[in-house]
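*Asks:* Okay, handing you the structure first.
The values are calculated or read from the model by the stated rules, or taken from the named source; none is laboratory data. Model, not experiment: these values are computed from the prediction. Cβ placement follows ideal geometry from the backbone for every residue including glycine, while neighbour counts extend to all protein chains displayed. Note: accessible area is taken over every heavy atom of the protein model, side chains too, but ligands, DNA and RNA are not part of it. Shrake-Rupley method; radii C 1.70, N 1.55, O 1.52, S 1.80 Å.
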Amino acid sequence: MTNSEEPFTLKDDEDLLDEVLEESTEEVPDLGAFEMTPEPDYTEILDNAHEDGGMTDNVVVPSVESPEEDIVAYNPPVEVNEGESTTPPKEAMDVKEVKQATQSPPAPKKSHKWQYVALFSALLLIIGGSFAAIYLSFGGEIYTSDNQVAVIYVQGTMLTGNLPSGFGYATSEDICNSLREAAADEGVKAIVLRVNSGGGSPAAAEEIITEIENVQAQGIPVVVSMGDVAASAAYHISAPADLILANPSTITGSIGVIGVYTNRSEYYDNEGIDFYISKSGEFKDMGGDWRGLTPEEKEYADTVVLKVYDLFITSVAEHRNMTKSEVKDIADGRIYIAVEAKEIGLIDDFGNLYDAIDAAAELGGIEGEPTVYYINRPSLSSILFGTEKTFSTDSVEQLASYYKESPVGTIVE
């Protein structure tokens, strides 16, 4: 104890009571005149400092009335008994700097480079595909030539009507339209018919022949190139050509007509199916499959077939410079390979498609290499743009059933 310190004396009860009374008489401040603000929570800070045995003299608790930007974070010096070393306090840091340090950097923007590349590639593919379709539809030539040979395909069973090409049927409407298209092109000097057909409807053959003759009347020669087979109605449309070429083993001929009538009466009887037929004339239900033909109907059917046959051989005789008698002698319905057909005057010479193109170019007065214009060959362009509706094999068969399943019989060349 130092001399400056006053000695501690114990006061008696009376003196202590007098001091309490004096303090109670002092003026008490009006607490309502002060604006209440929350007390800073520094009790815990002081307690922690006492417990750690550190100094509390420099602990500063900021006033709550100070704005946020004026607050300075302060780390008090704390003595740590780790041997003889003492951990120094960290430097003060501005609150703004603390916020900026804790904020994560902005995320980098995602690059759309590859999306643009993919989109551009897709557009190039579409444009390129369209260009290729147009290019192929012109037979590999996208410019107009004055020395063109048009090639028109006749492939499959011949029918009238309008069925899509490439499904085993050759329709007169498609072929006639192709002939007209070729004739309307001033650059087309000759036409080649590439024939691969076993025959079909006599009416379809007659429609095509009419258009061939119209083309020839405009001074455009027509050459036929026979493929595997060009028989019956397919030979019928070949006869008017200015030149007929075939491979030595091509099957042709089969000049004749047949009538087909189906009788399913026994099947209907076994199934217990009955028919009542109301008709206006004796021959009106002729060809119905619920019964066979009567003797009179059979005789009439033979007459119809012979009349169509006569039209056939007359056309062949006229176009092949033969008499009807000469044609009739070889027109018993038999087929001929091209070697025999040449001997009897049904074809002119042997050759493939390109031989036919060269011969057509010569007949058309084309000098040098002709430009080949494939009109109705099944291709990518015809698949994409050739029809308004997508057809399947079954749907095409349904469209052709009117001919194959005719209720009045079928006449076939």
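*Asks:* Quick one: pull the percent of accessible area on the stretch 147-223 belonging to carbon and sulfur, 1.4 Å probe, ligands and nucleic acids left out.
*Replies:* Numbers: 1010 of 2550 Å².
Carbon and sulfur together cover 40 percent of it.
*Asks:* Calculate the FRET efficiency for Glu343 and Gln115 from the Cβ-Cβ distance with a Förster distance of 60 Å, rounded to the nearest 0.05. Each step should come with its number before you reach the end.
*Replies:* On the way: r = 71 Å, r/R0 = 1.18.
It comes out at approximately 0.25.
*Asks:* Still on this model: May I ask you to rank Tyr116, Tyr300 by accessible area, largest first, using a 1.4 Å probe over the protein chains only?
*Replies:* Values: Tyr116 155, Tyr300 120 Å².
Largest accessible area first, the residues go Tyr116, Tyr300.
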